[in-house]
């Protein structure tokens, strides 16, 4: 039965996109946190600026002072999970503009980190279930359980690649937050997952949508976007997360001016968040503001060279710039942009392979075959068991020709 097997892949493709950014539990713009600990402000500021090491350390300190608070556990769980996903190369928002990331295998997870994530999930679950056993209508416990289930779905899908298990957790997250809204309609934080889930299901291919309705799930893109906007503007803990989800969904809907307005607000608020800065460049390119996109990518590159993004792979900007200039048929400029990746001391291996492959193809177009062969050989030398390496081996046998 091919159709039922494929359905969870389509479904989880969208679910992971939303849960990847949607299930943190606070925004550093706010002064009110759960638990009410002053260290949360610094922790979330570090988290949204992608300084995961400091965020984890601070969330650990908060949890030590509040060991029975499921929100404190979820905060630490989120930081640990995102640090590992970034290390694995699974947080590039450019890949989430389409469904291809479902089949994309990144670097394997660290077994020790996997074990820690599972332990944190179980700790959070235990605290949440204990509170719900005492009061089944405890909205904070229901909300916290939905967050835990959402993060488990993200982990199960993107780390363990288990789509059915991820689907089950994602549906559970939505149900918990729908119940929160039934009990407390003004609990705007819960509109994040419910809204994103509605958008997801409203966006599915018709055949998958029919199957999902059979199992009791439905959705509306319009309702989803409305809920997300309400979460973003509601002054609650998930305001920043809702804005990030809206960035991705509005790009999928080709509503670039609206998405860019959000990005323009987030970039200065979190100046060290490389992924948001890259997404702004991607939005400019998608909306055909190519000169502005070039400037955005170049600014990221120069800022990275100046130390703004410590321990982050800002060379992604050079790869994106190369792809943009290549699309504009500026082949010398594209080759030069791709070559910038080699200036980084320890570039991301996947980015390095893609950049060397791109440079090689540009040199072939420019009739510089010897340089092209050097680049193809560098691709294979990095890792022989990847799609870029396979392509490079073909290019070594036959020169690339621009289509």
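Any read-out appearing in this document is the output of simple, stated calculations on the displayed coordinates, not a laboratory observation. Keep in mind the model is a prediction, meaning the values are calculated, not measured. Cβ: placed from backbone, ideal geometry, glycine included. Neighbour counts: every protein chain shown.
Remarks
- Based on every Cα atom in segment 299-403, Rg and the maximum pairwise Cα distance Dmax equal 13.3, 41 Å.
- Highest mean packing first, where packing is the average number of other Cβ atoms within 10 Å per residue, the peptides 224-232, 187-195, 337-345 line up as 187-195, 224-232, 337-345.
- Highest average first, the peptides 134-145, 376-387 ordered by how many other beta carbon atoms sit within 10 Å of their residues are 134-145, 376-387.
- Ranked by the mean number of other Cβ atoms within 10 Å per residue, highest first, peptides 292-303, 265-276 order as 292-303, 265-276.
- Exposure proxy ranking for 199, 48, based on other Cβ atoms within 10 angstrom of each Cβ and starting from the fewest, stands as 48, 199.
- The label point for residue 397 and the one for residue 107, both projected 7 Å from the Cα toward the Cβ, are 3.1 nm apart.
- With the simple spin-label model, which puts each label point 7 Å out from Cα in the Cβ direction, the residue 122 to residue 230 separation comes to 3.8 nm.
- Modelled spin labels at residue 343 and residue 328, positioned 7 Å past Cα toward Cβ, are 1.7 nm from each other.
- Residue exposure proxy: 320, 203, ordered by other Cβ atoms within 10 angstrom of their Cβ from fewest to most, comes out as 203, 320.
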